Structure formats: structure tokens, C-alpha cells
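All remarks here apply to the structure that follows.
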Amino acid sequence: MDSQLRSQVVFHLTGRLPDDDGAGQQLPAGLRPALLAQYRNLDSIRHDFPVVFARGPGEYVVSLAAAVDGALRTAAPQGSQGEAMRKRALHVERLIREAVAKSTPGTLLQAWDSAVTGAGTDDAGRRDMTTVRDALAVDGELAGCDSRLPSRFLRHAWAVVQGEKARAARIRIDALVLRLEAILRADYARSAAAFQAANLQQTFGGTHQALFDFTKMSKLLSPTASQGGLDTPRRARIEWALRTLREQAFFPAPGDAGTQESNSCGFAFDSVSAALDSYRHRLPDMLSLLKALSLAELEVEGQFVEQLHAPIFDGMQSQDFTAAELQFFPDYLVTLDSNAPGVQADLVSALSSGMPVKVLLEVQDLLEEAAPGQGRFSFGMRGSQLASMAMAFGDAFVLQSTASNLLQMRDGIQRGLRHAGPALFSVYAPADGESTLPGYLAAASAMQSRAFPAFSYDPGRGSDSATRFSLENNPQPDVDWPLEFLTYADQDLQAVTEELAFTFVDFLLADRRHNRHFAVIPRAHWGEGLISARQWLESPPADAATGLPYVLAVDDADLLCRVVVDERMMRAAQRCREAWHRLQELGGIHDSRAEALLAREKALWEQQRAIEAAALAPAAIPAALGDQPSVAAEVPGTAAAEDESAPDPDTAYIETLRCSSCNECTLASPKMFAYDQNKQAYIADLKAGSYRQLVEAAESCQVSVIHPGKPWNPDEPGLDELIERARPFR
Ligand code: SF4
């Protein structure tokens, strides 16, 4: 082994180069996955960002590009004049995109005016741009794809939904107030007080008051007046309901000091405990308002029955609120940082509290690296795994997405915000300045690489996982890693086209926080021992020297280089792929049980066909049957399974068809065990581990499908004891 290869192997296995002082390797400036080289100048490409948080009716968020396209459709005439207008508008759009990338705040119309001024166009151009501006169908704050986007996006979407709720609630409350007031007014109009002289006088306009003697009028009218239709308890009930409806503080009337915008602030929190305190504090008022609404509705319909309804209202408790009742009230919006201590407990507490809550989980770093001695290298615990965990609550709406994909998910986000129950929105947006890529690309590559796949779980869609779970718009969802072609110039300046996978390690290559797991290999040392990360992940070599994983990258000058990845990062990539497989199965892709069932049915069908064919040609029966795979031989316990095709008990094997894909053995000994395309385990390399590991795997397999056979290395210590432990699994 030459010294270069040796140092590469040492780096792969230990994460350290020979001259590494512990500070990690210096990677070339701006290093990025080769597949992303074409997006170097992102601002010049029309894409989903920036977005406009639209005010008013219609879509609550639209991309700048869509807003400009819409305006041009309306304003641009056909022909060369329209073409010139289009070009100018796209130039202005690009200037706005650049301004937003520099974090220049403001609304679309403000940004449009600044960009037109900055563009320095002539009078005709300015007139054109005023025409397009007037045709813009939306206005509102602009937002780029940066670390603040998840909170701005959710807050805006949430305020829109709370506004809808408030309007509906006000209509219901105001209508009841009017009808209750009418009941009281009608009752008063029949009462003796209404016919007193002073009160009669007030009902006439000032110009006519001198024409009448109200004392005589009172005497004339009073004897015929009824004494009022409401008994005292009913009047008290109605007055209480009216007072409660008028004084409720959940839905201020438009124009009140507490408008919806300021009111919604009282429902947005950065901690679950503060939201819970507020919720508990408001419970008595919520109970009163619900009672007042129900009571008022019964009274205005004349359906309140004292003996029936009074005990029900007396017994109403806040702990008996139904989901539909809670849905009437404003939702609490709680924003959590996935890196905050105790976030997992906070999340469980919020989703199980019964509070009408929508949680935004902001994820900024997908890798959590355990310190030495604190366990294995783990990743995504606080991000993707928390969202997956939340699905176990059953009634919680769960949506996971990267910031770059939020616009695509806008309908799903609104569905979640309108869901009658808790909802979790887990959104990844990389911390500003940590990636060599712009925010949009860094977030998009997290989704592309399966590091943070998009999915939604909507309990409102049905009763089973097949209808509730959706893998949304992940690219090429039926494969492990999306594949794309890259064309580049080789050493002889010849164009070479290569199919590359965009893997988890490609994504992390651009994150400066994880530079120490990568080492650039100079072109002169691109030896035989290097294999692509994709190949390595398909079949990790037993000997590191025969297959060092690398990814293709480009530096700031777009020079192609290979970057070797250390083993810890590759293991993290394996775990990422396993998590992706679990999501695929939930989404009905490569469903291992369905595929095993299908294989069995297919074999049965083929066997039946062979029998039928043989029946038509009796002489051919033995040959026909002999050609077909025997289903019975695959099913333990059948006669055929026990004949000469039964496995040799001295040879290690797995009953792969019965494997439940629990990951136990594949995680414990990833070189010895692997999954097949149905995500069921088989022995990939028996000698990649010890007999002890095999026996321990058999003991921990929940469905007892691992059969260790006999040891293959007579020198392994403790064999007598291990053979004894293996006996039940023969
Ligand atoms: S432990 Fe058993 S069930 Fe689990 S993956 Fe391995 S073989 Fe399959």
C-alpha cells in the first residue's frame, strides 16, 4: 500500500490525516457538490424565491416570479412592445431578488419602486414598469429563503387562518347579540316602564314632543299594556349571555383597540410552558363564552327547557371540551428550536396537552454528533425523527419540509393550521453563514439528499396510514438517492458525462460545521482504491483499502475534485437511508410486506399454471413441475420444506422472507447483515464478523429467523458456550 493510499485509509477510518493537529482539514473555499455547480449564480435564475406574503383575499403567499408573470399576462401587449415590457419587468424582478438576498426588507410595491429607480430606465421604460406595477395582483412583505423564513411563513399563514376564524366567530357572536337584544327590546316594549310618560316622550322626535300630552297618553295606554313576557330567570339568563358575548376578548370587533393582529400576538409563544399557562388562565373565559353561545342559540330559537338544559349548563366543565369546540377559539402558535434542551419533552407536552396548539419546530442543524464515550454518531434526532415521532400521536397533523419547499406546501400548511387538533410543522432552514451554498440551495439539497425529506400526515384525510401519509414532492421517491447526469471536462479536455447520485454526504459537504469529515484528494492521487459514495452505500467493502468512498465536488473556481469521506459520516448516511426507507414504506413505496406477499402469490400462480399445463399433457407433468419453484419449499413446516431443499442446519442463514425489518441485526453488524431490495435481511458477509456476533444477532432477532449454523473459525474464543447458545436456533 503506498503512503498516499495509507493516509487516505487512515483518514477514512479515523477522520484524521497524518498532519492533522485536531483542528480538522482546510477544505477549498466555496466547496460544493459537483451537481450544484450550475447554480452558482442563483439570483440570475427564476425560482420560487423570494415570496410575497400577500394581504387580502386569494393566495396567502405567492412567488415573486408568479406575481410578475400574472401582471405581465394582464398588462403586456402582444408584439415587440410587449416583449420589451417583459424584458424590463424580468430585469426589475431580478433586481428585487438581489435586494432580498441582501436582506433588504419591505413590501413588493416598495421593492418594485426601488428596483425601477435603480434600473435607470428611460421614460418609456418607467411608464411600462408603472403599468406592470399597477397590474400586480398582490402586495405584501417580501421574504427570501433564509433562517428566518420558517417562522415568518408560519406566522403569516397562522395569522391568515386566525383571521378567518375571527371573522366567522364575529359573525356568529354579532348575530346572537342582535337577536338577544331584540328579545330584550321586545320584552321591554310590552312592560309597564315602557308606557311611563317620560319613556313615551323619548320615543317621539323633538319636533313632535310639544304636540302631545304624554301623561294622558301614559294613562290611556298603561291599562292595556302587558306586563312583559320574560320571567325573571329567563331574563337573567339572556342578560348574562348578552353581557358575556359583548365582553368576550377572544375575537375583538374590527377597529377595537385589540384588533386581530394585536390579538393574535397574545396567542404566539416561544415556550410550551408559557403557552400552557396562558391557556389554563383563559379556560374559565373559554367556558363562559361556549356556555353563552349555546345558551343564546337555544334562547333565540325558543328551545331552552329549564329542567333539561339548566343542569347541562351547570355541569359543563372545561376538561370536557370537544375538538370541535376548541376549534372555535384562536389557536396557540408555539415556536421551538430543535437544538434547545428538553425540546422532545416540550413537544410531547404540547401535542398531548389538549390545548388548541400549532407547533413550529425550527431545525437548523441536522447532525448531532455525540461526544466520545456518549454513544454512537447520530443525526437528525431533533428534526426528522421528532416529526416521525409525532405521527404516533394519531390525532396530530404533522408536516415536515425544508424552507425551500414551503411555497409548494402552502396548501398543506393551511390544512394543518385548520386541523381540529394539534399540529406540528417541522421545517429545516440552515443557520445563516454555515453553508457554502445560498439558503435556498442549502435547504433544497437537504430535501434532495433525503437528509430532510418532505412528508405530511393528515388525520383528517382518512382512518389509515395509506390515506393519511403522503411523501409529498420529494424528487425520484422510489430510489434511495436522486440521480442526475453531470457533464464535465476530463484531464484531456474531453467532455465526460457521468450519472451521479445526490446523497446525504453530498448535502453535508457544503456545511462548514462538518468539514472535518471530508478530505480533498488531489487529482494526481485519484487511485484505484476510490469508489463513489453511492457504490459504497450499496455495498460497503470489508477492507477499507479496496473502496474508499468519495464525492465529486467543485471549488470556487469550478475545478472538479474528489473528496474522501470518513467512515462516521458514511455510517450517518446509512442511517439516513434507513430512515428514508421507513418513510418510503409508509408512503407505499417498496412495501416489504406487500412485495413478499406479491412474490408468494406469483409463485403460487406460476405453479398452478404449470399444473394446468401438465394436466393437458400428462406425459409432461414431472418435467413441468420440476421446472417451477415450489411454494411449499418456501413455507416452513410443509413436507416439501423438510425434504432435500431444507437449509443445512450447519450453515448460517436467514429466513429472509420472514424478516420483519426491525434493523436490529443490520445496525449491530452492518458488514455482516444487509437488506435486500425488499428491505429484508440476509447475510451479506458471514466472515465480516465473529460467530459471537452472529449468535447474539440470532438471540436478539424478534422473529427468530437468524440461524447461526456452526462456527467457521475454530480459533474463536468461547466457542463451546456459543455453540450451546446457538442450539435453539438450528
Ligand atoms: S433482527 Fe431479525 S427481524 Fe430484525 S432485521 Fe435482522 S433478521 Fe430481520
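The values are calculated or read from the model by the stated rules, or taken from the named source; none is laboratory data. Owing to the predicted nature of the structure, the values given are computational and were not obtained by experimental measurement. In this analysis, Cβ positions are derived from the backbone assuming ideal geometry, glycine residues included, and neighbour counts consider all displayed protein chains.
Restricting attention to the range 101-116, the residues that are of a type in the set (S, T, N, Q) and either touching a helix residue (DSSP H, G or I) at 6+ places or on another chain (Cβ under 6 Å) or on the phi > 0 side of the Ramachandran plot (or both) add up to 1.
Of the residues contained in the range 535-547, none is found to be surrounded by fewer than 18 Cβ atoms within 10 Å (Cβ to Cβ), touching a helix residue (DSSP H, G or I) at 6+ places or on another chain (Cβ under 6 Å) and more than 25 Å from Pro670 (Cβ to Cβ). Among the residues of the range 408-424, those identified as among the hydrophobic types (A, V, I, L, M, F, W, C) and buried (at least 21 other Cβ atoms within 10 Å of the Cβ) are Met409, Ile413, Leu417, Ala423, Leu424. The residues of the range 183-207 that are farther than 16 Å from Leu220 by Cβ and of a type in the set (Ser, Thr, Tyr), listed by number, are Tyr188, Ser191, Thr207.
For Glu59, the conditions (1) touching a helix residue (DSSP H, G or I) at 6+ places or on another chain (Cβ under 7 Å); (2) modelled with pLDDT of 90 or more are fulfilled apart from (1). Close Cβ contacts (under 6 Å, 6 or more residues apart or on different chains) running from residues in the range 657-677 that are closer than 15 Å to Ala688 by Cα to residues that are more than 10 Å from the ligand (Cβ to nearest atom) and in a helix (DSSP H, G or I) comprise Ser669/Gln693; Lys671/Ala688; Met672/Ala688. Identification of strands (runs of 3 or more DSSP E) wholly contained in the range 493-532 with 3 or more residues that are farther than 21 Å from Ala431 by Cβ, touching an Asp or Glu at 6+ places or on another chain (Cβ under 7 Å) and of a type in the set (Ser, Thr, Tyr) yields no element. Restricting attention to the range 27-86, the residues that are part of a loop (DSSP other than H, G, I, E, B), of a type in the set (S, T, N, Q) and in contact (Cβ under 8 Å) with a residue 12 or more places away in the chain add up to 0. A single member of Leu308, Leu295, Leu361, Leu289 is under 20 Å from the mean Cα position of the chain (by Cα) and either closer than 24 Å to Arg237 by Cβ or of a type outside the set (Val, Ile, Thr) (or both), and it is Leu361.
Residue selection: Asn678 fails the criterion of being loosely packed, with under 14 Cβ neighbours inside 10 Å and more than 8 Å from the ligand (Cβ to nearest atom).
Considering (1) within 29 Å of Arg571 (Cα to Cα); (2) in contact with a Pro (Cβ under 8 Å, 6 or more places away or on another chain); (3) modelled with pLDDT under 90; (4) within 12 Å of the ligand (Cβ to nearest atom), the lone condition that Lys671 does not fulfil carries the number (4). Evaluate the range 302-311: report whether one residue or more is buried (at least 19 other Cβ atoms within 10 Å of the Cβ) and modelled with pLDDT under 95. Yes, that holds for at least one residue.
Inside the range 521-546, can you point out the residues that are touching a Pro at 6+ places or on another chain (Cβ under 9 Å) and closer than 27 Å to Ala495 by Cβ? Selection gives Leu530, Ile531, Ser532, Ala533, Arg534, Gln535, Trp536.
Within the range 686-728, the residues that satisfy the criterion of being of a type in the set (S, T, N, Q) and either surrounded by 14 or more Cβ atoms within 10 Å (Cβ to Cβ) or more than 15 Å from the ligand (Cβ to nearest atom) (or both) are Ser690, Gln693, Asn713. For Ala274, state whether it is assigned to a helix (DSSP H, G or I), free of Cβ contacts under 8 Å to residues at least 60 places away in the same chain and in contact with a strand residue (DSSP E or B) (Cβ under 9 Å, 6 or more places away or on another chain). Taking the combined requirement at face value, the residue satisfies it. Scan the range 651-668 residue by residue and report those that are more than 10 Å from the ligand (Cβ to nearest atom) and surrounded by fewer than 15 Cβ atoms within 10 Å (Cβ to Cβ). The one that is more than 10 Å from the ligand (Cβ to nearest atom) and surrounded by fewer than 15 Cβ atoms within 10 Å (Cβ to Cβ): Thr651. Test of understanding: among Asp285, Asp320, Asp314, Asp331, which residue is of a type in the set (D, E, K, R) and in contact with a strand residue (DSSP E or B) (Cβ under 7 Å, 6 or more places away or on another chain)? Every option except Asp331 fails the conditions. If I ask for residues that are in contact with a Leu (Cβ under 7 Å, 6 or more places away or on another chain) and over 19 Å from Ala454 (Cα atoms), which ones from the range 573-604 would you list? Selection gives Ala596 alone. Taking the listed residues Ala579, Ala573, Ala594, Ala553, the one that is hydrophobic (A, V, I, L, M, F, W, C) and not in a helix (DSSP H, G or I) is Ala553, with no other qualifying.
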